[in-house]
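Notes for the one structure printed next.
Just so it is clear, none of the values below were taken in a lab; they were calculated from the coordinates. What you see is a predicted model, and the numbers here were worked out from it, not measured in a lab. Note: ideal-geometry Cβ built from the backbone for every residue, glycine included; neighbour counts use all protein chains shown.
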């Protein structure tokens, strides 16, 4: 394995590890959940992306095979991290905040606080069960 | 050089896992704990991948993939449970 490949793999490993550490530290440091969502969902995904790139580079340099597993994991994580953050933020909003307490984007309010379709006829269950 | 980088990464991720454990214990709300466990799953995925590099075998990717799927599904199920009081309606 050439020295250039070793430097690239080591740099990617260290960048990934530092981002993972920063993400976990930010979750301790931030004051409440909506700011706390920021640290893990961005920094930790970047950290796992760094380690996955390091793994691709390592197996490409050491064994000469381009392994596709890592891309599968990173694709899955990049797709699922925003969905997780969205669900957590939505659960937090419905358990803690009223519709009037939030900033209004363009005068229309937040669609998650609207009545669901069919609520007039009484088919849909109540929105907020907490 | 890679061995030293791996040692640094293992200690950094172990420290990150301890911080996640502290977040789980501290809370204060249930959603903070769910977020901390989700971050813990992501740290464990990175740890498994780095262990695969240090053992020089690609066997562990399937384990990392299963962790990724399981962590995502469990986090969404827990958030849905907090939101609606039910998972599958």
ask   = All but one of (1) touching a helix residue (DSSP H, G or I) at 6+ places or on another chain (Cβ under 9 Å); (2) more than 8 Å from chain A (Cβ to nearest Cβ); (3) closer than 20 Å to residue A:76 by Cα hold for residue B:72; which doesn't?
value = (2)
Selected residue [part of a helix (DSSP H, G or I) and more than 30 Å from residue A:1 (Cα to Cα)] from B:65, B:47, B:35 = B:35
inquiry  = Restricting to segment B:57-68, name every residue that is surrounded by fewer than 20 Cβ atoms within 10 Å (Cβ to Cβ) and facing chain A (nearest Cβ under 7 Å).
reply    = B:58, B:65
Check on residue B:14, over 14 Å from residue A:48 (Cβ atoms), assigned to a helix (DSSP H, G or I), free of Cβ contacts under 8 Å to residues at least 60 places away in the same chain and more than 8 Å from chain A (Cβ to nearest Cβ) = yes
query = Which condition number in (1) facing chain A (nearest Cβ under 7 Å); (2) touching a residue at least 24 places away in the same chain (Cβ under 8 Å); (3) out of contact with any helix residue (DSSP H, G or I) (no Cβ under 6 Å at 6 or more places or on another chain) is the one that residue B:45 fails?
reply = (3)
task = For residue B:23, state whether it is more than 7 Å from chain A (Cβ to nearest Cβ) and either surrounded by fewer than 20 Cβ atoms within 10 Å (Cβ to Cβ) or within 22 Å of residue A:81 (Cβ to Cβ) (or both).
result = no
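Given the residues A:88, A:77, which is the only one that is surrounded by 19 or more Cβ atoms within 10 Å (Cβ to Cβ), within 8 Å of chain B (Cβ to nearest Cβ) and farther than 15 Å from residue B:42 by Cα?
A:88 is the lone residue from the list that is surrounded by 19 or more Cβ atoms within 10 Å (Cβ to Cβ), within 8 Å of chain B (Cβ to nearest Cβ) and farther than 15 Å from residue B:42 by Cα.
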remark   = Selection from segment A:9-29 of residues over 26 Å from residue A:55 (Cα atoms) and surrounded by fewer than 17 Cβ atoms within 10 Å (Cβ to Cβ) yields A:28, A:29
message = I need the full set of residues from segment A:9-58 which are more than 7 Å from chain B (Cβ to nearest Cβ) and closer than 14 Å to residue B:20 by Cβ, in order please.
response = A:22, A:26, A:29, A:30, A:39, A:41, A:43
